[in-house]
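Presented below is the structure to which this report refers.
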Amino acid sequence: MNYETAMKQRPHVVILGAGASCAAIPNGDKSGKKISAMSGFIEKLGLGHILNKVSIHTQSDNLEDIYMELDARSATEPKCLEVKSELEEIINKYMSDYKLPSEPTIYDFLILSLTPKDLIATFNWDPLLVQAYQRALSHTKNLPNLVFLHGNVAVGYCEEDNVLGNVGSKCKCNKPLKPTKLLYPVKQKDYNSDVAIQKSWKSLSNALEKAYMVTIFGYSAPASDIAAIEMMKQAWGSIDTRNLEEIEIIDIRDEDEVLNSWNNFIHTHHYSYVTNFFDTSLGRFPRRTCEATFDRTMNCEWLDSTKGFKEKMSFEDIDIAIKELLIDEISKKGTIKMLNNPYK
């Protein structure tokens, strides 16, 4: 395998935070129910009445900060433990009720922009990404891997057979898949006590070590995720050895603030910052993101992004956009041949 082929066949890793789910359903889910980032989470989801049972010291409206305080105080204050448990139960139920709108969302485009060599790792508890994956299967089975770093309300696991799937569905042992544990925002998260979460982190680490591209979408790297950031950094390695790789960041925060969060992952100028999914390689060059990046940066070729995904596309439009790409993938499946890059 020559150098160009090897580079183009490396993974594209996408890391999702709460901002990605907000972008997926900006006008609410199928029933109009909105989703929120961690900041303002309690108020926007109407959960303030739960916190009224205790006196919260933090002035922050961020769920991360509120939950961390409750967790710290719950060891000695029974009322805080009660409120923390009630909050967990309601959040789990609230998240489980989300349903994707009928029209394509950012998550539908995201799933269909990648191939099986790629990986999407999400910190989000909501079921929207899983639902997008399920309906992407009607377009193609050639889809990226998904991992759930903090658990997910839609994902079940059988520890005996090491099988992940839809929660409640039957494993090959004929037992229903049990819900995965949700990791809530505490400073000292235990990523090893739950086998499904441990497996997800291992998959992410393996993919990051080999990745050519990394896209960080709506993830703010909060203080409660210090251990998670360190684990990702360890897998990514020194930026001095990542002088060919590219980082994409999709975020609505100020660019300088965003770059400060991720400067330990970026080699000099090898990054792009956008506020819209459709301005990324995923949107502009779906299913050929690594091929397009190599051709643009290494082969110095001009690329045509007009063939990529566009906002307001229907599922029929998406099928037309990726039809020839899927045919090419099927014809070369099981070989080491390079996929065509129709964006040249």
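The values are calculated or read from the model by the stated rules, or taken from the named source; none is laboratory data. Remember, it's a predicted structure, so these values are computed and weren't measured experimentally. Every residue, glycine among them, receives a Cβ derived from its backbone with ideal geometry; neighbour counts consider all protein chains shown. Accessible surface areas use protein heavy atoms only, side chains included; no ligands, DNA or RNA. Shrake-Rupley method; radii C 1.70, N 1.55, O 1.52, S 1.80 Å.
So here's what we get for this one:
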item	result
Gain in span if fully extended, residue 227 to residue 198, counting 0.36 nm per residue against the direct Cα distance	9.1 nm
Nearby lysines by direct alpha-carbon distance to residue 84 (threshold 21 angstrom, same-chain neighbours under 8 apart not counted)	44, 53, 93, 181, 187, 189
Extension gain (nm, one decimal) between residue 316 and residue 75, 0.36 nm per residue minus Cα-Cα	81.3 nm
The range 74-222 - percent of accessible surface contributed by carbon and sulfur, probe 1.4 Å	50 percent
Rounded accessible area per residue of the range 202-268, 1.4 Å, Å²	44 Å²
Projected label distance in nm at residue 27 and residue 90, using a 7 Å step from Cα toward the beta-carbon	2.9 nm
Burial ranking of peptide ranges 255-262, 150-157, 286-293 (average Cβ count within 10 Å, highest at the top)	286-293, 150-157, 255-262
Net dipole in debye of the range 1-51 [+1 Lys, Arg Cβ; -1 Asp, Glu Cβ; about Cα centre; nearest 20]	100 debye
Label-point separation in nm, residue 55 to residue 324, each point 7 Å along Cα→Cβ	6.9 nm
Mean Cβ count within 10 Å, highest first, over the residues of peptides 309-315, 12-18	12-18, 309-315
Helical contribution to [θ] at 222 nm, DSSP H n ≥ 4, -39,500 (n - 2.57), averaged over the chain, rounded to 500	-11500 deg cm²/dmol
Cross-link partners of residue 323 among lysines (Cα-Cα below 24 Å; sequence separation of 8 or more within a chain)	8, 117, 141, 307, 310, 312, 332, 333, 337, 344
